[in-house]
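Everything below concerns the one structure shown next.
The values are calculated or read from the model by the stated rules, or taken from the named source; none is laboratory data. Quick caveat, the model's predicted, so the values are computed rather than measured. Every residue, glycine among them, receives a Cβ derived from its backbone with ideal geometry; neighbour counts consider all protein chains shown.
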Amino acid sequence: MTPDIDETARVVDSTLGDAQLREFVTVHDSTVGDDCRLYERTSLKKSRLADRIDINAGSYVENADIGPETQIGPNCSVVGVTHDLDDTGMTFRDDVFERVVLHEGVFLGAGAVVGPGVEIGSGSVVAAGATVTDDVGAGRIVLGSPPDQRTVDLATWLGE
């Protein structure tokens, strides 16, 4: 099969598997696996997507490795780039890259933010609107935002 790319999508220096790119998607310096769906106005930069990944509308993903069967809700930010800060402030346009890793089966709820260098374990869920600044183990649910970030074991949450 061939990728299904909307005429408004833009792909630059990237490799696409059998993927679907909807309206106004941009893909730069990335690899996209098979059966991936990138919905309207998604931006993907310097990232690697395994197979069977959905990235919903309005999301931004940069400098990330994303495992299979992962779903990213609408308007999420997965940002593996930051800037050094010292007593004189931030150096303009001096990016520092810290790779983000989302393992197999991760689910990010709408509007979730995953910061630079974070690794999220297999099967974990990040609740809508949560901000993740520290690594999350496998099978966890992340609720809230720092400094009151809480993680809950998925099996306990489901009463198993």
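Listed values, structure above:
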quantity	calculated
Residue list for the stretch 1-24, restricted to those being farther than 20 Å from Pro68 by Cα, part of a loop (DSSP other than H, G, I, E, B) and of a type in the set (A, V, I, L, M, F, W, C)	Ala9, Phe24
Elements of type strands (runs of 3 or more DSSP E) contained in the stretch 55-133, each with 1 or more residues being out of contact with any Asp or Glu (no Cβ under 8 Å at 6 or more places or on another chain) and either surrounded by fewer than 19 Cβ atoms within 10 Å (Cβ to Cβ) or free of Cβ contacts under 8 Å to residues at least 12 places away in the same chain (or both)	60-62, 64-66, 77-79, 81-86, 89-97
Counted residues, the stretch 26-48 - those being among the hydrophobic types (A, V, I, L, M, F, W, C) and farther than 16 Å from Glu69 by Cα	2
When residues of the stretch 141-150 are limited to those that are surrounded by fewer than 19 Cβ atoms within 10 Å (Cβ to Cβ) and part of a strand (DSSP E or B), the one modelled with the highest pLDDT	Leu143
Residue within the stretch 1-24 that is buried (at least 17 other Cβ atoms within 10 Å of the Cβ), in contact with a strand residue (DSSP E or B) (Cβ under 9 Å, 6 or more places away or on another chain), of a type in the set (Val, Ile, Thr) and closer than 20 Å to Gly109 by Cα present	no
Selection within the stretch 25-54 - under 19 Å from Val106 (Cβ atoms), of a type in the set (A, V, I, L, M) and in a strand (DSSP E or B)	Val32, Leu38, Leu44, Leu49
